[in-house]
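The values are calculated or read from the model by the stated rules, or taken from the named source; none is laboratory data. For clarity, every value in this text was computed on a predicted model and none was experimentally measured. Cβ: placed from backbone, ideal geometry, glycine included. Neighbour counts: every protein chain shown.
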Amino acid sequence: MKCRKCDERAVIRIRAHNLALCREDFLDFVLDRVQKAIRTYRLLQKGERVLVALSGGKDSLAAFDILQRLGYQVEAFHIELGIDGFSEASLEKVKAFVRERGATLHLLRVEDELGMGVVEAARRLRRPPCSLCGMIKRYLMNRFAYERGFSAVVTGHNLDDEGATLLGNLLRWQTGYLSRQAPLLPSSHPRLIKKVKPLVLLSEREVLAYCLLRPISYLPDRCPYAKGATSIPQKEALNLLELHSPGTKLRFYQGFLQVRESIPQEEGELRECEVCGFLTVREKCQFCTLKERLNATEGRRR
Ligand code: AMP
Ligand code: FES
Ligand code: ZN
């Protein structure tokens, strides 16, 4: 099989785009897809200070690598969650990646924020760790970016992630979530930093191939509390449809973005948290409420 762009041997076939590409042309193709997402959805401007949230997994490391190659001003951010074994391995991957690129790495520890890691916090409140973890990560990413003057926070969500979330929201007709699902969540307040997902036009397989071919060394393990579990059936369903009709995932997601504008916004009015000042729909934000509840459990233990 020959590369569609040159005469080299093709290393990957991408049925959704009816393409077979050699290593060099595939790596360029991936950069072009990200550039296309940035332009189409007006994600970033050159010269902006961009904070890339790195988990140590393939997607976020690829997002950093690609944005840096495209000439964006990126710095890395990692949150040590406090998940035995997994957090240490994630940190090691992130550090090695950043060191190799001579980039700046910012670190935060959940333990420094809450007095304990995510798993211990969840145990005390009798909740699954992942249900707290997402909120904690979102809060800390936004707060850190705001305090250090970044204008955007980038995450590694890819087309499969976004497609699975979309399918899940549609199956439950969660129209409130639908109206908020987008590659760009703009900043509507100085304390709300815009959120950007530059990999939305790349499938999981394409991101994986990018990491293997570049190469980028990433942590293949999932969080042991398997937050992904809820989206796995949706991902499998979309993969099956994709197999029968290549390009389905892209058409599904891009079609949604076109009609999204007409979905009524169901967002409650945002106001400043009475404790920390970051935005929330309640009087006190979820992060400050969590801190308070944990302090109360601490009190009961004494
Ligand atoms: P997840 O919520 O685990 O699916 O991760 C979604 C995105 O959040 C990843 O692609 C990363 O950009 C970011 N992320 C996840 N975990 C961390 C972490 N521990 N520190 C910083 N960013 C993270
Ligand atoms: Fe954080 Fe599972 S506990 S992703
Ligand atoms: Zn707060």
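For Leu125, indicate whether it is under 22 Å from Glu147 (Cβ atoms) and of a type in the set (A, V, I, L, M, F, W, C).
Working: under 22 Å from Glu147 (Cβ atoms): no; of a type in the set (A, V, I, L, M, F, W, C): yes.
No: the conditions fail for Leu125.
Somewhere in the range 269-285, is a residue of a type in the set (A, V, I, L, M, F, W, C), within 16 Å of ligand 3 (Cβ to nearest atom) and exposed (fewer than 13 other Cβ atoms within 10 Å of the Cβ)?
Yes: the range 269-285 contains one or more residues that are of a type in the set (A, V, I, L, M, F, W, C), within 16 Å of ligand 3 (Cβ to nearest atom) and exposed (fewer than 13 other Cβ atoms within 10 Å of the Cβ).
Can you name the number of the only condition in (1) buried (at least 16 other Cβ atoms within 10 Å of the Cβ); (2) closer than 26 Å to Val98 by Cβ that Leu212 fails?
Going through (1) buried (at least 16 other Cβ atoms within 10 Å of the Cβ); (2) closer than 26 Å to Val98 by Cβ one by one, Leu212 breaks only (1).
Can you give me the number of residues within the range 191-238 that are at pLDDT 95 or above, among the hydroxyl-bearing types (Ser, Thr, Tyr) and assigned to a helix (DSSP H, G or I)?
1
Do we have Leu185 as touching a residue at least 12 places away in the same chain (Cβ under 8 Å) and either of a type in the set (Val, Ile, Thr) or surrounded by 15 or more Cβ atoms within 10 Å (Cβ to Cβ) (or both) here?
Working: touching a residue at least 12 places away in the same chain (Cβ under 8 Å): no; either of a type in the set (Val, Ile, Thr) or surrounded by 15 or more Cβ atoms within 10 Å (Cβ to Cβ) (or both): yes.
Criteria not met by Leu185.
Give all pairs with beta carbons closer than 9 Å in which a residue from the range 33-60 that is at positive phi meets a residue that is aromatic (Phe, Trp, Tyr) and not in a helix (DSSP H, G or I); count only pairs at least 6 apart in sequence or on separate chains.
Gly47/Tyr72; Gly56/Tyr218
Inspect all residues belonging to the range 101-114 and state whether any of them is among the acidic types (Asp, Glu) and in contact with a Lys or Arg (Cβ under 6 Å, 6 or more places away or on another chain). Full working, then the answer.
Taking the range 101-114 first, the residues among the acidic types (Asp, Glu) are 111-113.
Next, only the ones that are in contact with a Lys or Arg (Cβ under 6 Å, 6 or more places away or on another chain) stay: none.
So far as the range 101-114 goes, no, none of its residues is among the acidic types (Asp, Glu) and in contact with a Lys or Arg (Cβ under 6 Å, 6 or more places away or on another chain).
For the range 259-279, state whether one or more residues are in a helix (DSSP H, G or I) and either in contact (Cβ under 8 Å) with a residue 12 or more places away in the chain or over 30 Å from Val11 (Cβ atoms) (or both). First the steps, then the outcome.
Of all residues in the range 259-279, those in a helix (DSSP H, G or I) come to 259-260.
With the extra rule that they be either in contact (Cβ under 8 Å) with a residue 12 or more places away in the chain or over 30 Å from Val11 (Cβ atoms) (or both), the set shrinks to 259-260.
Yes.
Would you be able to tell me the number of residues in the range 122-144 that are of a type in the set (A, V, I, L, M, F, W, C), in contact with a Leu (Cβ under 9 Å, 6 or more places away or on another chain) and more than 16 Å from ligand 3 (Cβ to nearest atom)? Full working, then the answer.
Of the range 122-144, the ones of a type in the set (A, V, I, L, M, F, W, C) are 122, 125, 130, 132-133, 135-136, 140-141, 144.
Okay, now just the ones that are also in contact with a Leu (Cβ under 9 Å, 6 or more places away or on another chain), so 122, 125, 132-133, 135-136, 140-141, 144.
Imposing the further condition that a residue be more than 16 Å from ligand 3 (Cβ to nearest atom) reduces the set to 122, 125, 133.
So the answer is 3.
Can you pull out every residue in the range 145-158 that is within 15 Å of ligand 3 (Cβ to nearest atom) and in contact with a Pro (Cβ under 8 Å, 6 or more places away or on another chain)?
Correct list: Tyr146 only.
Please list, ordered by residue number, the helices (runs of 4 or more DSSP H) wholly in the range 68-167 having 3 or more residues that are modelled with pLDDT under 95.
Numbers: elements: 86-101, 110-114, 118-125, 129-147.
Hits in the range 68-167: 129-147.
Of the numbered conditions (1) part of a strand (DSSP E or B); (2) buried (at least 17 other Cβ atoms within 10 Å of the Cβ), Phe26 satisfies every one except a single condition; which is it?
Exception for Phe26: condition (1).
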